[in-house]
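As structure tokens, the structure follows; a few thoughts come after it.
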Amino acid sequence: MSVIWPDVETIRTARCRLEPLSAAHADVMVDVLSDPELYKFIGGTPPTLDQLRRRYRAQSVGHSADRQQWWCNWIVTTLEQARPVGYVQATAEGSNGVLEADVAWVIRPEDQGRGVATEAAAGMIEWLSGHGVIRYVAYIHPEHTASSGVAFKIGMHRTAVTQDGEIRWESNR
């Protein structure tokens, strides 16, 4: 049975605007994601414009081909600077009547350390909770103290589970 997922909507927080991802964001996000330092813990390399356009076209559909996964992606713009600084994302799916989301956040290095990732991730989780998601997980590299700090501040706790060298953090709403 395929699921009809709701459309991702714009989210506003005190200092940020989370705009639903579209393929058109690739042109500006290629610069936001160009710093190799972003990939220190998550792996990979900065995407090219063509790679980002293809990725965003696929992700902005909002769901997997079989509709079992709900893809929620937002570009994070600070209201103060009125420019994108990163993104937050969630992949949600249901199991045994429980809707769980795997969440992530990426903020470019020059905009880190000001609470933007925490605020954007909290806004995303609040929105998802309003749409039935009750469990959240994130996989974080054990040396990525900034992301661990974000996870803790948004109510997640570290577990003993590791996957591909990353620690599972989780919370229930």
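Structure notes:
- Residue in region 45-62 that is assigned to a loop (DSSP other than H, G, I, E, B), within 16 Å of residue 86 (Cβ to Cβ) and modelled with pLDDT of 95 or more present: yes
- When residues in region 119-153 are screened for being in contact with a helix residue (DSSP H, G or I) (Cβ under 6 Å, 6 or more places away or on another chain), more than 21 Å from residue 70 (Cβ to Cβ) and surrounded by 19 or more Cβ atoms within 10 Å (Cβ to Cβ), 2 of them pass.
- Residues that are under 15 Å from the mean Cα position of the chain (by Cα) and at pLDDT below 95 number at least 2 in none of the strands (runs of 3 or more DSSP E) confined to region 75-173.
- Selection status of residue 87, aromatic (Phe, Trp, Tyr) and either over 22 Å from residue 138 (Cβ atoms) or without any contact (Cβ under 8 Å) to a residue 12 or more places away in the chain (or both): no
- Qualifying positions in region 71-99 - crowded, with 20+ Cβ neighbours inside 10 Å and of a type outside the set (S, T, N, Q): 72, 74, 75, 76, 84, 85, 86, 87, 88, 90, 92
- Taking each residue of region 149-169 that is more than 14 Å from residue 135 (Cα to Cα) and looking for partners that are among the polar types (S, T, N, Q) and assigned to a strand (DSSP E or B) with beta-carbon atoms closer than 8 Å, six or more apart or interchain, yields 167/159.
- Within region 4-27, the residues that satisfy the criterion of being hydrophobic (A, V, I, L, M, F, W, C) and open to solvent by 60 Å² or more (accessible area, probe 1.4 Å) are 4, 14, 24.
- Residue within region 28-38 that is open to solvent by 70 Å² or more (accessible area, probe 1.4 Å) and more than 27 Å from residue 154 (Cα to Cα) present: yes
The values are calculated or read from the model by the stated rules, or taken from the named source; none is laboratory data. Only a predicted model underlies this, so the values are computations on that prediction, with no experimental measurement involved. Neighbour counts are summed over all protein chains in view; Cβ atoms, including those assigned to glycine, are modelled from backbone coordinates with ideal geometry. To get the accessible areas, we keep the full protein, side chains included, count just its heavy atoms, and leave off ligands, DNA and RNA. Shrake-Rupley method; radii C 1.70, N 1.55, O 1.52, S 1.80 Å.
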